[in-house]
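Asks: Mind having a look at this structure? Questions to follow.
Here, each number is a calculation from the coordinates, and none is a lab measurement. Since the structure is predicted, the reported quantities are computational estimates derived from the model, not experimental observations. Here Cβ is always computed from backbone atoms with ideal geometry, including for glycine, and neighbour counts include all displayed protein chains.
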Amino acid sequence: MDEVFGKDLFRNEIIWWYKRWSGAASTYQKMHDNVYFYAKSSNHIFNVQHQPYSQPDAIENTVRGVIDGKLVRLKDEKGNYLERTKKNVGVPCHDVFEIQHIQPTAGERIGYPTQKPEALLERIIKASSNEGDLIADFFCGSGTTAAVAEKLGRKWIATDLGKFAIHTTRKRLIGVQRQLKAEGKDYRAFEILNLGKYERQHYIAVNPDLREEQKRQQLAAKEAAFLELILSAYRAEKTEGFAAFHGKKAGRLVVVGPVNLPVTRLFVEEIILECRKHHFTKVDVLGFEFEMGLFPNVLDEARAKGIDIAPKYIPAEVFDKRAVEKNQVVFHDVAFIEAKPLYDKERTNRIAVRLTDFSVFYSQDSLAAVEVNLKNKASKIVVERGQIIKIEKNRDGIVSREVLTQKWTDWIDYWSVDFDFESKREIIREKNPDSGEFEEKWTGDFVFENEWQSFRTKKDRNLELTSVFYDYKNESGRKKIAVKVVDIFGNDTMTIIDVNVGGKR
Ligand SMILES: C[S@@+](CC[C@H](N)C(=O)[O-])C[C@H]1O[C@@H](n2cnc3c(N)ncnc32)[C@H](O)[C@@H]1O
């Protein structure tokens, strides 16, 4: 904080004091957190907040203050004792905040492990900003700061490196929008953006000042390092001498997709060709992205040739050394969505979407291996053959299994629809290296706009499977509807359905 804001702009150390009940301990009970208050400049907003009087003061109906070092009853200009009104209730907040932690049954509890109470953020945001100001939280977790900022009429930016945090925040803020709407209040729209693929860039960027031969060598070394990293995170062994295959694991071959491009149909066809050449039948294909529409067709074609291909996402955590060392990197199975358009019987310019299937391709951990390695009194969630299974070992080492996903809908946490996907091009601003000017450029992608969504919350586990009807009004012709599903692990999958707006029935 000293580095970011400068030592001189340190304002207070706040003790956030809360009550906590727990059993006996060999130390003093920990009942506070420390909040460091820094300002961006010496000229900053500070709206004094008030906290209730302590008990003895509360009996009196007058306002007290310190004058000449003595605590006295305060008078107005006319000499009358100040009565407590809404405005002067309480004393100015000092640097010890007594704010209770979220109670186990509190409505605001989301279930995010480090969630903070809204009352804490409310005091901080009210003190240091005014309506319409911008609030940022770069470690947003469950989105408490953004939720409070939205409720208090502030603009906000929230970031987090965890996809679970982003997804939790997304759902929480839609909840806040719904609540504000129900109360007849204004609320803001928000967008979810992915930052660049910086870690991946590292593996393809070569020093432009090198000679061609050196550049080639540098690129080859970087590619080899990238392969090594992915194979070690996947716990696969390296293989040599194949064009398509890079490793093997548990009786299956492993292919690592390109670092900066999606896995394409051509890429998968090459794999099928080489499988046939060597009579291999089982392959895992690891990729950061997969071309849209690739599945399930290409997998069915492979299966028809006796080849079982399991596509898996390479997660961003592979770039986190500690996660790799601790074997915490999970390669989630690629899923695919089936959705159908429903045309209004009378007016074909009104279309809804029904979600009809969501499948996850293959297995992840071996149940048997997990059972052997699990400690007594522990449990683990395992994905195998498209089902999520909870494995538990009791204190005597007896293993029990519970299938958590009975139906395909159990996989889904959230789904949303953009009824006119290709209407919003993703534009970025880039500096032109020759002129030095900023120019707007289309990335070739489109911005997904959440026009309708349904999701589960802790309290309401229901999910609607048919969207509302969307009215295209005077528009007609071919449109693309994008359907996005976020599964219970926080993975995003998207599919596009073609519709004909206003066509003949
Ligand atoms: C203590 S939690 C924040 C909890 C939040 N105040 C709430 O009320 O839910 C910290 C968050 O920081 C995120 N985080 C940790 N390192 C980060 C980084 N380098 N960049 C962005 N987010 C990070 C974690 O994923 C975690 O969600």
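Asks: Using modelled amide H (1.01 Å from N, peptide plane; none on Pro or chain starts), what sits under 5 Å from the amide H of ARG11, excluding residues fewer than 5 places away?
Replies: For ARG11, the qualifying residues are PHE37, TYR38, ALA39.
Asks: Give the range of the longest stretch in the chain that excludes all GluC sites (Glu not before Pro) found in loop regions by DSSP and having at most 13 other beta-carbon atoms within 10 Å.
Replies: In short, 241-345.
Asks: Starting from the Kirkwood Rh over alpha-carbon pairs, what translational D in µm² s⁻¹ does region 439-505 have by Stokes-Einstein at 20 °C and 1.002 mPa s?
Replies: In µm²/s, the coefficient rounds to 143.
Asks: Where a Cα-Cα gap under 12 Å defines reach, which aspartates and glutamates qualify for LYS377, not counting those fewer than 8 residues away within the same chain?
Replies: Partners found: GLU392, ASP396.
Asks: Quote the relative contact order of the chain in percent (integer), defining contacts as alpha-carbon pairs under 8 Å separated by 6+ residues.
Replies: For the chain, the relative contact order is 8 percent.
Asks: In terms of modelled amide H atoms, which long-range or inter-chain residues lie less than 5 Å from the amide H of PHE97?
Replies: ILE15, TRP16, TRP17
Asks: Show that you can apply the helix-only estimate: for the chain, add -39,500 (n - 2.57) for every DSSP H stretch of four or more residues, divide by all residues, and state [θ] at 222 nm to the nearest 500.
Replies: Dividing the helical sum by the residues of the chain leaves -6500 deg cm²/dmol.
Asks: Please report the Cα spread of region 330-435 along all three principal axes, rounded to whole Å, starting with the longest.
Replies: Largest first, region 330-435 extends 65, 56, 19 Å along its Cα principal axes.
Asks: Compute the convex hull volume of the Cα atoms of region 165-312, divide it by the residue count, and report the result per residue in Å³ as a whole number.
Replies: Dividing the Cα hull volume of region 165-312 by its residue count gives 168 Å³.
Asks: Moving on. Could you go through region 413-427 in sequence order and give the Karplus-derived ³J(HN,Hα) for each residue, using 6.51 cos²θ - 1.76 cosθ + 1.60 with θ = phi - 60°, rounded to whole Hz, and x for Gly and Pro?
Replies: Per residue, the Karplus-derived 3J(HN,Hα) values read 9, 7, 8, 8, 10, 10, 6, 9, 4, 8, 8, 10, 6, 7, 10 Hz.
Asks: For the chain, just list the percent of Cα-Cα distances falling in each 10 Å bin from zero outward, please.
Replies: With 10 Å bins starting at 0, P(r) equals 3, 13, 21, 23, 19, 12, 6, 3, 1, 0.
Asks: Still on this structure, I have one more. Distance check, please: which entries in LYS70/LYS126; LYS185/LYS504; LYS19/LYS126; LYS40/LYS197; LYS222/LYS248; LYS197/LYS248 exceed 32 angstrom between their Cα atoms?
Replies: LYS185/LYS504
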